[in-house]
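The numbers here are math on the coordinates, done by the rules we state, and not lab data. Quick caveat, the model's predicted, so the values are computed rather than measured. FYI the Cβ positions are ideal-geometry reconstructions off the backbone, even for glycines, and counts take in every protein chain you see.
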Amino acid sequence: MGSFGLTVLLDGISYGMILFLISVGLTVTMGLMRVVNLAHGAFAMIGGYVAGYLTQRGCNFYLAALAAAAAAAALGAVTERTIYRPLYRKGELAQVLLTIGFVFVATGAVTEIFGAFPYPVVFPPYLTRPLDIGFRQYPAYRLFLIASGAAIALLLWLVLDNSLYGARLRAAVDNPRMARAVGINVSLLFTSTFTVGCGLAGLGGALGAGILSLEPAYALKYVVLFLVVVIVGGEGSFEGSFVAAMALGIIDTLGKYFVAEAAPYLLYTAVFALLLWRPKGLVPPRSLA
Amino acid sequence: MGRLFAIITSATVLLWADRAPADVAKVGLLADFTGAFATWGPQFREGVEAYQALHGKTVKGLDDKLHEIQFIYRDTASQGPDKARQLAQELVLHDHVRFLCGLDLSPHAMALADISKEAKVPVVIMNAATSSITRMSPYFVRVSQTVPQDVAPLGPWAAAHDIKRVYTIVSDYAPGYDAEAYFIKTFKAAGGTIVGSARTPQQETNFSAYMERVREAKPDALYMFQPAGSPSVAFVKAYVERGLKAAGIKLLGGGETQELFLPNFTDDIVGTVTSFHYTETNTRPANLELRAQVKKMFGDKAVPDIATLAAWDGTRLIQEAVAALGGDAEGLQYVDFMKGKKFDSPRGPVEIDPVERDIIQNVYIRRVEERDGRLVNIDIDEVKMVKDPWKIDHPPQAN
């Protein structure tokens, strides 16, 4: 039973890490810029397809993952300046309509270029085999997800908590008007943060392709999960996204194990309960707390 | 002036085109060419075009007249049964089609039951695999397969090949329930034991927890029925990652390993045993003919699948019916002609059930193997002329 508990925990955490990697960018757009960005999953999808395209042609997996992050970030920078910027002052309905439109365009483009079938990312052979971790054989890929997710979370935490950039970003999330008043270039901060967020989504799309498999419907299929992570965690809260992603990953895995038939409902029931308990999210940013 | 001229010219052309020669028999093909199920339409069309390119689209009738069989393609756009019904009405009322065909999804076929009866138009079903469909209209003829037909032979085969305990995991939708029911029923009847069963959400891709339960149950084999695409790929991946394959638990399935989908898997899938009505590597002359023709017309990347071959066989039935009865026969006369028809399909010998108007065909037990660096299905056994078992379990009720 002990070993089984550990297995479920590892499964839940590795799943949660992917959710966190992809969602952390979304928490920025929704918390910092107040843009309901339903197209966030499209950036993860595009990153994943870039990694898939490169690895299928023999490119090193890690280089391909970096290229995926770079491609998604570049696309993020361009779209922030051209598509998202005019949206900041528009109402939420306009934001929802435009970003969902972007999802359909991305889905259509991916179908046209890569076809309607699932598109595999080729992982290095040692990641696709089970690994002996003492008490049992466990997929090396999942351990890799946990390690890379934890490394990136740590890096994000260091930057956000200890750098001037992080201080500015936190200031802008907590009170954008005051941040402007004290001379922070919020506009530049938006572009750079949006770019990084999209890059992380692209990276998550590439690394996580072994669990959230790539297909044209990706952008629409998983965006609900990403939104749930952001809302449960608290809009604009990095710690919140992390806690929420872990919690949802573990709840989902436990549900599938113990009450397989009810698992899809269990996840959303848990979300419902968490939001009743903490309507502003598990770890809301100070401006909302 | 130029514009007026253009209008007059195009109107003339339209009138001219509309006055089609009397010996054109139109056939309306309904399928999803766009949207979530967009893979079906083009496969049907390739099957029709390949058949007509090889065998001609004009047949000489017993009446000594020439009849041209003209297909009209309509896109149901993955929008469901209402769209199928609306397009079928247009094809019948406006285009005066003599036959309807295509129909990838069961709800689309069911939506045409009333129209086919009112307009007396035969409907040749080229996929839609729910057993009960052919009972819904006397104008329905099916040339594809049913889910129980493909699944039922696997249970006895497993029981006869050292597989005594099986865990089943199926996708949570109607075809999944059919597959689960018929695998369990036939496997138990042959002396096997089911040690556990689970149903997974239709679009599931995270199977780790399910695989843990299978691992603990220690069955001889795991039976899967998953939609081809992300779910089936993720399923096999989890099966290997969780060490089930290494533990010697065999993997059984059905349509997941079709040639069209095999490139999505890694060699993890090697050794998987499935039961299905078409194996791409069979060397029957009809199969070689179909494959050569499709590759010649649509390039090396074109992969003929069950949709291509059902369209190929369906086109053949329609053209033979017109050749025998001319272009103006009653709908039921065409259906009667098709009943009991036996022929060599690229999949193997088939017969149209004279009572049920459903296909009777061999079901093949195949194993996935690697040949020349490619994954392929290889026949290891076959069950001859399988009739849809659901029909046997549910005899027609006397009116």
**Message:** Check which residues have an amide H placed less than 5 Å from A:Leu282's amide H, if you skip close sequence neighbours.
**Reply:** A:Gly233, A:Gly234
**Request:** Please list, in chain and number order, the residues 5+ apart from B:Tyr73 or on another chain whose amide H is under 5 Å from its amide H, with Hs placed from the backbone.
**Result:** B:Leu29
**Asked** Which value in Å is the Kirkwood Rh of the stretch B:270-399 over different Cα pairs?
**Response** 16.6 Å
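Is the stretch B:170-234 best put as rounded, prolate or oblate by its Cα gyration tensor, with a ≥ b ≥ c the root eigenvalues, rounded for a/c under 1.5, and otherwise prolate when a/b is larger than b/c, oblate when not?
It comes out oblate by the Cα gyration axes.
Just the number, please: Stokes-Einstein D of the stretch B:266-309 in µm²/s, Kirkwood Rh from C-alpha pairs, 10 °C, 1.306 mPa s. Don't skip to the answer; put the middle values down first.
Numbers: Rh = 12.0 Å.
For these conditions, the coefficient is 132 µm²/s.
Give me a single rounded figure for B:239-246: the average over its residues of other chain Cβ atoms within 10 Å of their Cβ. Present the calculation step by step, with values, prior to reporting the outcome.
Working: counts 0, 4, 11, 7, 6, 1, 1, 3.
Mean partner shielding for this stretch: 4.
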**Euclidean distance of C-alpha centroids, the stretch A:208-245 and the stretch B:220-259, integer Å** = 27 Å
**Prompt:** Using alpha carbons only, how many degrees (0 to 90, rounded to 10) separate the axis of helix A:186-207 from the longest principal axis of chain A?
**Reply:** 10 degrees
**Message:** Output wanted: per-residue J couplings in Hz (rounded whole) for the stretch A:154-159, from phi through Karplus 6.51 cos²θ - 1.76 cosθ + 1.60, θ = phi - 60°, x for Gly and Pro.
**Reply:** 5, 4, 4, 5, 4, 5
**Message:** From the convex hull of the Cα coordinates of the protein assembly as shown, what is the mean projected area in square nanometres?
**Reply:** 36.6 nm²
**Item:** For residues of B:209-215, the mean tally of beta carbons on other chains within 10 Å
**Value:** 5
**Asked** Based only on Cα atoms, what Rg/Rh ratio does the stretch A:1-104 have, Rh being taken as Kirkwood's radius?
**Response** 1.09
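Give the average, rounded to an integer, of partner chain Cβ atoms located within 10 angstrom of each Cβ in A:129-141. Don't jump to the answer; show the numbers that get you there.
Working: counts 4, 7, 0, 0, 0, 0, 0, 3, 6, 3, 8, 1, 2.
Other-chain Cβ atoms within 10 Å of each residue's Cβ, averaged: 3.
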**Ellipticity estimate at 222 nm from DSSP helix runs (n ≥ 4, -39,500 (n - 2.57)) divided over chain B, nearest 500** = -12000 deg cm²/dmol
**Prompt:** With charges only on Cβ, +1 for K and R and -1 for D and E, what is the dipole size of the stretch B:66-158 about its Cα centre, in debye, rounded to 20?
**Reply:** 240 debye
**Relative exposure of B:Thr283, B:Thr130, A:Thr253, A:Thr7, judged by other C-beta atoms within 10 Å (fewest first)** = B:Thr283, B:Thr130, A:Thr7, A:Thr253
**Item:** Protection proxy ranking of B:56-63, A:211-218 - average other beta-carbon atoms within 10 Å, highest first
**Value:** A:211-218, B:56-63
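Compute the Rg to Rh ratio over the stretch A:50-91 from the alpha carbon atoms, using the Kirkwood formula for Rh, and round to two decimal places.
Value, to two decimals: 1.25.
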**Item:** HN-Hα J in Hz across the stretch B:351-356 - Karplus 6.51, -1.76, 1.60, θ = phi - 60°, x for Gly and Pro
**Value:** 9, 8, 3, x, 9, 8
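Which order results if B:Leu29, A:Leu267 are arranged by neighbouring Cβ count within 10 Å, fewest first? Present the calculation step by step, with values, prior to reporting the outcome.
Values: B:Leu29 27, A:Leu267 18.
Fewest-to-most Cβ neighbours within 10 Å comes out as A:Leu267, B:Leu29.
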**Complete:** With Cα coordinates, the longest principal axis of chain A makes an angle with the long axis of helix A:61-79, in degrees rounded to 10, of 30 degrees
**Request:** For the stretch A:9-277, compute Rh as the Kirkwood radius over C-alpha pairs and then the Stokes-Einstein diffusion coefficient at 20 °C and 1.002 mPa s; write the answer in µm²/s, rounded to an integer.
**Result:** 113 µm²/s
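Under the Kirkwood approximation applied to all pairs of distinct alpha-carbon atoms, what is the hydrodynamic radius of chain B in Å?
On the way: mean 1/r = 0.0450 Å⁻¹.
Computed over Cα pairs of chain B, the Kirkwood hydrodynamic radius comes out at 22.2 Å.
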**Request:** Please report, in Å, the Rg and the Dmax of the stretch B:84-199, where both are computed over Cα atoms only.
**Result:** 18.3, 59
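Most exposed first by the Cβ proxy, i.e. fewest other Cβ within 10 Å, how do B:Trp157, A:Trp277, B:Trp312, A:Trp157 rank? Present the calculation step by step, with values, prior to reporting the outcome.
Values: B:Trp157 21, A:Trp277 8, B:Trp312 30, A:Trp157 14.
Exposure proxy ranking, most exposed first: A:Trp277, A:Trp157, B:Trp157, B:Trp312.
Give me the number: length gained by fully extending A:Tyr88 to A:Leu131, i.e. 0.36 nm times residue separation minus the C-alpha to C-alpha distance, one decimal in nm.
Details: separation 43, 0.36 × 43 = 15.48 nm, distance 4.77 nm.
Stretched fully, the A:Tyr88-A:Leu131 segment lengthens by 10.7 nm.
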**Item:** lysines with Cα under 23 Å of B:Lys245, excluding same-chain neighbours fewer than 8 positions away
**Value:** A:Lys256, B:Lys164, B:Lys218, B:Lys237
**Asked** Out of residues 5 or more away from B:Asp381 or on other chains, whose amide H comes under 5 Å of its own, with H placed 1.01 Å from N in the peptide plane?
**Response** B:Ile365
**Request:** Any chance you could get the radius of gyration and Dmax over the Cα atoms of the stretch A:94-152, in Å?
**Result:** 18.2, 54
**Asked** Using Cα-only point scatterers and the Debye equation, what is log10 of I(q)/I(0) for the stretch A:117-182 at each q in 0.14, 0.17, 0.21, 0.22 Å⁻¹, rounded to two decimals?
**Response** -0.66, -0.74, -0.88, -0.92
**Prompt:** What is the Cα centroid distance between the stretch A:98-134 and the stretch B:313-367, reported in whole angstrom?
**Reply:** 41 Å
**Asked** If the viscosity is 0.890 mPa s and the temperature 25 °C, what Stokes-Einstein diffusion coefficient in µm²/s follows for the stretch A:156-265 when Rh is the Kirkwood radius over Cα pairs?
**Response** 152 µm²/s
**Request:** Using the Karplus curve 6.51 cos²θ - 1.76 cosθ + 1.60 with θ = phi - 60°, work out ³J(HN,Hα) for each residue of the stretch B:199-207 in order, rounded to whole Hz, and write x for Gly and Pro.
**Result:** 10, 10, x, 4, 9, 4, 10, 10, 9
**Prompt:** Rounded to the nearest 0.05, what FRET efficiency is calculated for B:Asp300 and A:Ser3 with R0 set to 41 Å and r the Cβ-Cβ distance?
**Reply:** 0.25
**Asked** Quick one: Cα centre-to-centre distance for the stretch B:186-211 and the stretch A:1-79, in angstrom?
**Response** 31 Å
**Prompt:** Over the stretch B:27-144, how many percent of alpha carbon pairs lie in each 10 Å bin up to the one with the longest distance?
**Reply:** 14, 46, 32, 7, 0
**Prompt:** Which of B:Thr274, A:Ala262, B:Tyr182 sits closest to the plus end of the dipole of the protein assembly as shown, meaning its Cα is farthest towards the positive end, when Lys and Arg get +1 and Asp and Glu get -1 on the C-beta?
**Reply:** A:Ala262
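With r as the distance between the Cβ atoms of A:Trp277 and B:Asp64 and R0 = 51 Å, compute the FRET efficiency 1/(1 + (r/R0)^6) and round to 0.05.
Values: r = 83 Å, r/R0 = 1.62.
About 0.05, to the nearest 0.05.
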**Request:** Please count, across the stretch B:295-399, the pairs of lysine residues with Cα atoms under 18 Å apart that sit 8 or more places apart or on different chains.
**Result:** 6
